[in-house]
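Reading through the structure tokens given below for one structure.
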Amino acid sequence: MDRVEKINGVDALVLAGEGPRYGAELDAGDLVGAAFSHGVELLVVPAARLADDFYVLRTGVAGEILQKLVNYRLRLAIIGDVSSHVEASTALRDLIRESNRGRDAWFLPDRAALDARLA
């Protein structure tokens with residue numbers, strides 16, 4: 001079940017591990033709507049909740065989601081193992097490296113890494 005949490009002073013919507021996948025059944029607008037309806041600034045999304053097309057950059061799904069969240073000044077933390085997707089795409093590896101350097105979108109292995117990032 002999705003839940004709102006305060007993580008090191010940041011209001012976050014932590015999405016459940018199971019549910020519709022963003023980029024397939026749901027789109028970037030659904031993420032923005034969820035954030036606004038819960039009054040949060042950070043979305044914590046399990047990697048498995050993103051459609052496979054998200055990880056194939058040429059589809060444009062990742063770009064659409066990331067750009068829309070930036071436009072609405074929302075942050076995104078994707079939590080979980082994405083190594084199989086990274087092995088298949090140097091472009092994705094580069095996107096993850098650049099994203100993790102910034103403050104808008106992070107790809108993190110687990111919740112502890114998110115807690116540390118926000119500390």
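Readers should treat all values here as calculations from the given coordinates under stated rules, not as data from a laboratory. No experiment lies behind these values; they were computed from the predicted model shown. Positions of Cβ are generated from backbone atoms using ideal geometry, with glycine treated the same way; all protein chains shown enter the neighbour counts.
Here are some notes:
- Qualifying residues in segment 82-108 (those that are among the hydrophobic types (A, V, I, L, M, F, W, C) and in a helix (DSSP H, G or I)) - the one surrounded by the fewest Cβ atoms within 10 Å (Cβ to Cβ): 91
- Lone unmet requirement of (1) closer than 24 Å to residue 112 by Cα; (2) charged (D, E, K, R); (3) under 14 Å from the mean Cα position of the chain (by Cα) for residue 18: (3)
- Residue check, residue 31 buried (at least 21 other Cβ atoms within 10 Å of the Cβ) and in contact with a helix residue (DSSP H, G or I) (Cβ under 8 Å, 6 or more places away or on another chain): yes
- Index of the failed condition, residue 114 passing every other in (1) in contact (Cβ under 8 Å) with a residue 60 or more places away in the chain; (2) out of contact with any strand residue (DSSP E or B) (no Cβ under 6 Å at 6 or more places or on another chain): (2)
- Scanning segment 17-30 for residues that are free of Cβ contacts under 8 Å to residues at least 40 places away in the same chain and either within 19 Å of residue 69 (Cα to Cα) or touching a Phe, Trp or Tyr at 6+ places or on another chain (Cβ under 9 Å) (or both) turns up 20, 21, 24, 25, 26, 27, 29, 30.
- Screening the candidates 118, 69 for the property of being surrounded by fewer than 17 Cβ atoms within 10 Å (Cβ to Cβ) and among the hydrophobic types (A, V, I, L, M, F, W, C) yields one hit, 118.
- Contact map, segment 53-81: first residue over 10 Å from residue 32 (Cα atoms), second residue polar (S, T, N, Q) and not in a loop (DSSP other than H, G, I, E, B), Cβ cut-off under 8 Å, separation 6 or more or different chains; pairs are 53/59; 66/99.
- In the set 115, 53, only one residue is acidic (Asp, Glu) and closer than 25 Å to residue 25 by Cβ; that residue is 53.
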